[in-house]
1. Residues being in a helix (DSSP H, G or I), touching a Phe, Trp or Tyr at 6+ places or on another chain (Cβ under 7 Å) and either open to solvent by 90 Å² or more (accessible area, probe 1.4 Å) or of a type in the set (Gly, Ala, Ser) (or both): count how many of those fall in the range 78-117.
2. Just to be sure I understand the filter: pairs with C-beta atoms under 6 Å, separated by 6 or more residues or on different chains, first member in the range 132-143 and modelled with pLDDT of 95 or more, second member open to solvent by 50 Å² or more (accessible area, probe 1.4 Å) and assigned to a loop (DSSP other than H, G, I, E, B). Which pairs pass?
3. Step by step: first the residues of the range 2-47, then only those that are surrounded by 13 or more Cβ atoms within 10 Å (Cβ to Cβ) and among the β-branched types (Val, Ile, Thr), then the one that is farthest from Asn152 (Cα to Cα). Which residue is that?
4. Could you please find all residues in the range 155-167 being part of a helix (DSSP H, G or I) and touching a helix residue (DSSP H, G or I) at 6+ places or on another chain (Cβ under 8 Å)?
5. Can you name the residue in the range 48-60 that is of a type in the set (S, T, N, Q) and over 12 Å from the mean Cα position of the chain (by Cα) and, of all such residues, is most open to solvent (accessible area, probe 1.4 Å)?
6. Please name all residue pairs, on different chains or six or more residues apart, with Cβ atoms under 9 Å, provided the first residue is in the range 62-76 and is crowded, with 19+ Cβ neighbours inside 10 Å and the second residue is part of a helix (DSSP H, G or I) and small (Gly, Ala, Ser).
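The values are calculated or read from the model by the stated rules, or taken from the named source; none is laboratory data. Keep in mind that this is a model prediction, so the values were computed, not measured. No Cβ is skipped: glycine too gets one built from the backbone with ideal geometry, and neighbour counts run over all protein chains shown. Accessible surface is based on the protein model in full, side chains and every heavy atom, while ligands, DNA and RNA are left aside. Shrake-Rupley method; radii C 1.70, N 1.55, O 1.52, S 1.80 Å.
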Amino acid sequence: MTKRSRLNKQTIHQMFANFEASNPEPEGELDYVNDFTLLVAVVLSAQATDVGVNKATKALFEVAPTPEQMFALGEETIRDYIKTIGLYRNKAKNVYALCKELIDKHGSKVPQTREELEALPGVGRKTANVVLNIAFGQPTIAVDTHLFRISNRTGLAPGKTPLAVELLLERIIPKEFLQHAHHWLILHGRYICKARKPECYHCVIIDQCKFKDKVLKA
């Protein structure tokens, strides 16, 4: 049985109107220079911080901003560039294989469907959704740990799995807010609605949130 939001339509609309008013054009925090480097950055960001990924990829993207150039580096060299990132050995292997697939099967272009993206090495549903949203403007919802926590904590989209949360969010978020929704929620979870000490005292959706244990003082 699919769960329902604990918030009514009017409350959900107000929640996202508040997000939009406070941050009209939210952006992801990964650095990239084109669709390909965005894809690589998102693949590398699994179980790693955006800050850590950006430090590792700055030099890599300067020398290899295309699938051909990165493939030419070889797996070992890619590994040397990203060795400060967690799981770097496996990630280097995936990135190297991903480059070959893009070259051989997609004309060195990043595909624009979830199915094609998920077929690439190291690319899961969350990664595919991020790329589709940022690179191609598709109104996808990429559920990371922050977004999963917020969706359950606020009552916006209760769910036991990331997929359940994603599908519910897609159904209940007003269409005019869908494009930026996952950025607003992820950034909110990263900086305000933190796991251990949520900073409810300067939260823009405090009046819409159903969380019982709000932290009202710093």
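1. Residues flagged as in a helix (DSSP H, G or I), touching a Phe, Trp or Tyr at 6+ places or on another chain (Cβ under 7 Å) and either open to solvent by 90 Å² or more (accessible area, probe 1.4 Å) or of a type in the set (Gly, Ala, Ser) (or both) within the range 78-117 amount to 1.
2. Pairs found: Leu132/Gln138; Phe136/Gln112.
3. The residue in question is Val33.
4. Pass one, the range 155-167, residues part of a helix (DSSP H, G or I): 162-167.
Of everything in the range 155-167, those that are part of a helix (DSSP H, G or I) and touching a helix residue (DSSP H, G or I) at 6+ places or on another chain (Cβ under 8 Å) turn out to be Pro162, Leu163, Val165, Glu166.
5. The first filter runs over the range 48-60 and keeps only residues of a type in the set (S, T, N, Q), leaving 49, 54, 57.
Filter once more, so that each one left must be over 12 Å from the mean Cα position of the chain (by Cα): 54, 57.
Details: Asn54: 28, Thr57: 1 Å².
Across the range 48-60, the extreme among qualifying residues is Asn54.
6. Within 9 Å, the pairs are Ala64/Ala72.
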